[in-house]
Amino acid sequence: MTYRELRVDVPGVACLWSVDVDGPGGRVVPDGCTDLMWHAAADRLFVAGPDTTAHTTALPPGRLVGVRYLPGAAGFGVPADALRDGRPDLADVWGRQAAEALTERLRGATAEEAQRILLLAAPAAPDPLAARVRLLAETGRVRDIADAVGYGERQLRRRCLAAFGYGPKTLHRVLRFQRALRLARAGLRFTDVAARAGYADQAHLARDVRDLAQAPLTALVRAPAGA
């Protein structure tokens, strides 16, 4: 698969991306993000919700394009936990009439045109509170996060589920895992990755990575970009 990514200066949007599917699907690991995707060959417009474990794509050959929203910023009008670990058609989220109108605009569009159409059709809806929780959850304990944003722990959990699809503890695990993956891909030794990402030790890092990604860290580091 050939993966391309374009960063855009749009609040709440991580990137625009495209991938040429020409063989077995790749492994998608949890990152807290939500994507809106169009597969022209399959004539399919769908959403990838925030994952709690690795997901293997299974799509026919062709170009897949998408918009990736930062954790807590997807604006689909439904709570994020309704999309968690799911790949629903947009018609099941927005209704058939709205989804079909967007699909008609995407048919025949180039990859770049399709990305712009998707970006404008479903603009990000960043929640200022979600942005604060996202930053705090990288290193903070649940009680500390709740105190910092002025919520009780139960109220914080409800807001996190609606915004991120996860409770704060799972959000913390996913963000920590992504931080470790970035450090490992930058060439750090795994012992240093564990220390800098906030794991108790390298064994803790290995267990958490395998649990979330269904693969060891060495395999994720060797995987091609976008896989």
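The values are calculated or read from the model by the stated rules, or taken from the named source; none is laboratory data. Fair warning: this is a prediction, and the values are worked out from it, not measured in the lab. Cβ: placed from backbone, ideal geometry, glycine included. Neighbour counts: every protein chain shown. Note: areas computed on protein heavy atoms with side chains; ligands, DNA, RNA excluded. Shrake-Rupley method; radii C 1.70, N 1.55, O 1.52, S 1.80 Å.
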- Query: Given 0.36 nm per residue, what is the gain on full extension from V149 to A101 after removing their alpha carbon distance, in nm?
  - Reply: 13.3 nm
- Return the carbon/sulfur percentage of the accessible area of segment 50-175, one whole number, probe 1.4 Å, all protein chains in place. 52 percent
- Selected from T56, W38, L171, residue furthest toward positive end of dipole (the chain; charges at beta carbon): L171
- Message: With the cut-off at 1.5 for a/c, could you classify segment 35-103 from its C-alpha gyration tensor as rounded, prolate or oblate?
- Response: oblate
- Message: At R0 = 25 Å, how high is the FRET efficiency between T218 and T56 if r is their beta carbon distance? Nearest 0.05 is fine.
- Response: 0.85
- Note: the chain, point scatterers on Cα, Debye, no solvent; log10 I/I(0) at q = 0.15 Å⁻¹ equals -1.03
- With every protein chain left in place, what is the accessible area of D147 in Å² (1.4 Å probe, nearest 10)? 100 Å²
- Query: Extension gain R4-T191, at 0.36 nm per residue separation less the Cα-Cα distance, in nm?
  - Reply: 64.2 nm
- Could you calculate the FRET efficiency of R132 with D201 from 1/(1 + (r/R0)^6), where r is the beta carbon distance between them and R0 is 35 Å, rounded to 0.05? 0.70
- Here the relative contact order (percent) of the chain, from C-alpha pairs under 8 Å and at least 6 apart, is 20 percent
- Query: To the nearest 20 debye, what charge dipole does the chain have about its Cα centre, counting +1 at the Cβ of each Lys and Arg and -1 at the Cβ of each Asp and Glu?
  - Reply: 640 debye
- Note on the structure: Taking the alpha-carbon centre of each part, the distance from segment 90-116 to segment 1-64 in Å is 15 Å
- Divide by every residue of the chain the summed helix terms, -39500 (n - 2.57) for each DSSP H run of at least 4, and state the resulting mean residue ellipticity at 222 nm, rounded to the nearest 500 deg cm²/dmol. -13000 deg cm²/dmol
- Note on the structure: Here the relative contact order (percent) of segment 101-227, from C-alpha pairs under 8 Å and at least 6 apart, is 15 percent
